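Inspection log for the structure reproduced underneath, given as structure tokens.
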Amino acid sequence: MAKKELIYGCMGLGGGWNNKPLTSDDFKLAENAIEAALEIGITNFDHADIYTLGKAELVFGQVLKAKPALRDKITLQSKAGICYHKGVMNSSIYDLSKTYLLQQVDNILKRLQTDYLDVFMLHRPDALMNPEEIADAFRALKKAGKVKRFGVSNMSLHQIDFIQKQCDDPLVVNQIELSLGHSLLIDSGILVNRVNTQDFNGIEGLLEYTQSNNITIQAYSPLMGGRFTGNNNLAAKEDKKIIELINQLAEKYNTTASAVLLAWVMKIPGNIQPVIGTTNPQRIAACKDAVTIELSRLDWYNLWITARGEKIP
């Protein structure tokens, strides 16, 4: 059984999604968040080249520069492939060409002030992607010592397999949205042969595929931005029952609502690693127990059924 692990998502670092320069307050917030994550045993830090338009990596790099011994104690991962707001109608476009990926990794390393990434991921599928070209980029990055391992994000099993067939190294991670309130990965495996079921958007079979191929699922937005852990008086009517159950289980397991939600995600078979993104040290600390809680099968199912708002078959 894989070791349970939380990941710290750095999307909230670096100030807003704007071109304003970094401030001392941005540095202090990043430093405090990183320290809070380390204090609860987190050693894996997740980035992407577009997070706060590159400033998340910039400020993290400043922290690394101030604390150079930290680099050897942590895992650093980042993603590229989204050209943020570069298309018409202010839309993003995608680029997984070799030239773009090599360029972006160099930019990422410069911002992070490090010589290598432990993991580099393709951020989203590119409708024009060429798996041979992606594989060439990966080989060049590995040979240059700039990246140790590779993965993807937001991809179906067919897309992963499409790329993997050309790659020398195994893809080790797929980062997707997964939470008690966004459980398509689980729904698709249970609602087999049912009429009037929803479109699972290519998620069918992904859980089993990742287990069979030793691919870690990194679950982003596992706390849903506080949807089930906020003020119950302000919650939407349909959320009140699940919030009440989460709070009951938090009391039962002598922990926090956040830890219960993360434990629910980590009980899913396979190596599931939730990516938490709060910059509040107290909220980071509230996640600590998630790696030690073992929800009962009944409690896990009751949470899922209550969150769905309907019985399962």
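Points worth noting:
- Here the Debye sum runs over all C-alpha atoms of segment 15-106 as equal scatterers in vacuum, and log10 of I(q)/I(0) at q = 0.11, 0.17, 0.19, 0.22 Å⁻¹ comes out as -0.38, -0.83, -0.98, -1.16.
- Dividing the convex hull volume of the alpha carbon atoms of segment 227-275 by its residue count gives 87 Å³ per residue.
- The HN-Hα couplings worked out from phi for segment 301-313 by the Karplus form 6.51 cos²θ - 1.76 cosθ + 1.60 (θ = phi - 60°) are 5, 4, 4, 5, 5, 5, 5, 5, x, 7, 5, 8, x Hz, whole numbers, x standing for Gly and Pro.
- Sorted on the mean count of surrounding Cβ atoms within 10 Å across their residues, most packed first, peptides 213-220, 60-67, 75-82 read 75-82, 213-220, 60-67.
- Exposure proxy ranking for Val192, Val119, Val260, based on other Cβ atoms within 10 angstrom of each Cβ and starting from the fewest, stands as Val192, Val119, Val260.
- Label-reachable residues, segment 122-140, where backbone N falls under 11 Å from a point 7 Å from Gln166's Cα toward its Cβ: 128-138
- Put simply, the amide H of Asn44, placed in the peptide plane, has neighbours under 5 Å in Tyr8, Thr75, leaving out anything fewer than 5 places away on its chain.
- Estimated FRET transfer efficiency when R0 is 30 angstrom, pair Ala144-Leu22 (beta carbons, to 0.05): 0.60
- A convex hull fitted to the Cα coordinates of segment 90-141 yields 91 cubic angstrom per residue.
- Sequence-distant residues sharing a close amide H with Asn271 (under 5 Å, placed H): Ile217
- Expressed as a whole percent, the proportion of Cα-Cα pairs in the chain lying more than 37 Å apart is 16%.
- Summarising the amide proton neighbourhood of Ser221: residues at separation of 5 or more, or on other chains, whose placed amide H is nearer than 5 Å comprise Val275.
- Least to most buried among Thr306, Thr99 (fewest other Cβ within 10 Å first): Thr99, Thr306
- Filter on Lys3/Lys240; Lys3/Lys165; Lys146/Lys288; Lys73/Lys252; Lys67/Lys110; Lys67/Lys288 - keep pairs with C-alpha separation over 26 Å: Lys3/Lys240; Lys3/Lys165; Lys146/Lys288; Lys73/Lys252
- Between Ser91 and Leu298, residue separation times 0.36 nm minus the direct Cα-Cα distance comes to 70.1 nm.
- Rg to Rh quotient for segment 104-172, alpha carbon positions, Kirkwood Rh: 0.96
- Using a simple spin-label model with pseudo-atoms 7 Å out from Cα toward Cβ, Tyr116 and Ala2 lie 2.2 nm apart.
- Cross-link check: pairs Lys4/Lys143; Lys148/Lys267; Lys20/Lys86 evaluated at a Cα-Cα cut-off of 21 Å; pairs beyond the cut-off: Lys4/Lys143; Lys148/Lys267.
- Footprinting exposure proxy for Asp126, Asp118 (fewest neighbouring C-beta atoms within 10 Å first): Asp118, Asp126
- Over segment 1-154, all Cα pairs binned in 10 Å intervals from 0 give whole-percent P(r) values of 11, 40, 34, 14, 1, listed from short to long.
- Farthest positive-ward along segment 224-313 dipole, Cα basis, beta-carbon charges - from Pro274, Pro313, Gly226: Pro313
Values quoted throughout were computed directly from the atomic coordinates according to the rules given, and no laboratory measurement underlies them. Keep in mind it's a predicted model, so treat the numbers as computed, not measured. With ideal geometry, Cβ positions are generated from the backbone for all residues, glycine too; neighbour counts draw on all protein chains shown.
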